[in-house]
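This report refers to the structure that appears directly beneath it.
Read-outs throughout are calculated quantities, based only on the coordinates presented, and are distinct from any laboratory measurement. What you are looking at is a predicted structure, and each value in this text was computed from that prediction instead of being measured. Neighbour counts are summed over all protein chains in view; Cβ atoms, including those assigned to glycine, are modelled from backbone coordinates with ideal geometry.
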């Protein structure tokens, strides 16, 4: 086994292990931690594919920012894994989640099988193996030339989502007649700490 | 092949030992300088000029009892100090300490690894450091810790935006993300990026102090309100790991600042690595100076400052620099 192969197999196993542990954990903080482990392993996979920039962005954006917000929310609500996590839901909704996840797995298998392993050069791989692919320069060039409009549209979409979130937060505040916009922690949410 | 592996291992060892020693003597420097700034003399009993004080502190902490309170989340409680400590050390992997040199006939590069996205790597690993603080606060099962952890999360997310934006000006001017090339284009004092980005540097140092939870932005560990914040329940070596992590983070920020704005190891007469150390020490002195000068902000002031002052200014700096580079 070459070193490349070893790194690939190791990080692939860690990524899948982290993902599996994440969905099987009762404790929400432990679940988030396993998700971080999985993300770091995925970043290693990106780096190995030569897409160093994507690997770094994955860590900065997901592990460094979005998941910190998850942890923040979990801490604010003080979830400790004792909550109802869907065990009492009706059988029909439990069946639905299994069916949908099965369909998704089938879809992934179909896509991966159809694109990566078909054809002599391996489908998708041969199309974009140009010089500098995955480097900062390569991504920037594609992003600001061929994909400029999708890129700008995405940023407008994100901006409207931010504005929407602010509007909704503000509206609830008016209903509750609270006086300031600062974050306040009420005593109930800390009951479990005592 | 084996020689290369061996050289790399020795380099890693040297860097880790140097950084840890740096952390230990940063505490000494902090106490000494802070003492002088407050009209005291600081530590002076252990060894000449109190130079053995960090050693004495370390020994004391190792022999202290390791207390684990009864209602902590045990695994997370044990993991948190390590998570706070390791990312801080990792960022030194891409910092150039010195120019390349020959030693015993081997060509040795002055950094551990020359990634072409070096600066992004540093931001990626330092952004993971917040988990140590957050998890320590959450797992301790104490209100003070939890509040410290919550404050740390909000603060570090808010200031990371300005922190990231403050260096975009530098990247636009340098046209590279590699730490080695950043140093290479700053040869000679007139080429230092600080002259082209003075405003960017002010933004960088402000956001960096907030990112490393130092005074006047040390709200997560504000002793007047939160006892000790996120590490209230920690003792012995686990407690000291948070401290080593904090000082390693400060050193990392100082090293990155030196590399980005002050020409890294470039300098006349003295060996490059010495220049690097001098610049980092000057940076650390500013940290301590600021701590001795400014009172702690209130929490809402801190958030307002981050989002309503620092963030727009960083955006403005990015836009002006981009326009300037285009012309």
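Some notes on this structure:
- With the simple model of a label 7 Å out from the Cα in the direction of the Cβ, residue B:185 to residue B:320 spans 2.0 nm.
- Take the Cβ atoms of residue A:158 and residue A:13, set R0 to 35 Å, and the FRET efficiency comes out at 0.55.
- Note on chain B: GNM, Cα springs under 10 Å; of B:254, B:18, B:162, the largest mean-square fluctuation is that of B:18.
- Shape descriptor for chain B: Rg over Rh equals 0.97 (Cα atoms; Rh from the Kirkwood inverse mean 1/r).
- Residues B:57, B:114, B:218, ranked from the fewest to the most other C-beta atoms within 10 Å, line up as B:114, B:57, B:218.
- Computed over chain B with a Gaussian network model linking Cα atoms closer than 10 Å, the most mobile of B:62, B:75, B:205 is B:75.
- The residues B:29, A:75, when put in order of fewest to most other Cβ atoms within 10 Å, stand as B:29, A:75.
- Those residues of the range B:267-281 whose amide nitrogen sits under 19 Å from the label point placed on residue B:51, 7 Å along Cα→Cβ: B:274, B:277-278, B:281
- Within the listed set B:164, B:263, B:47, the residue fluctuating most in the Gaussian network model of chain B (springs between alpha-carbon atoms under 10 angstrom) is B:47.
- Near-label residues of the range B:88-119 by backbone N, under 18 Å of a point 7 Å along Cα→Cβ of residue B:274: B:97-102
- Counting neighbouring beta carbons within 10 Å and listing from fewest to most, the residues B:166, A:38 come out as A:38, B:166.
- Maximal additional length on extending the residue B:20-residue B:307 stretch stands at 99.9 nm, based on 0.36 nm per residue less the C-alpha distance.
- Note on the protein assembly as shown: semi-axes of the ellipsoid equivalent to its C-alpha gyration tensor, largest first and rounded to whole Å, are 36, 33, 25.
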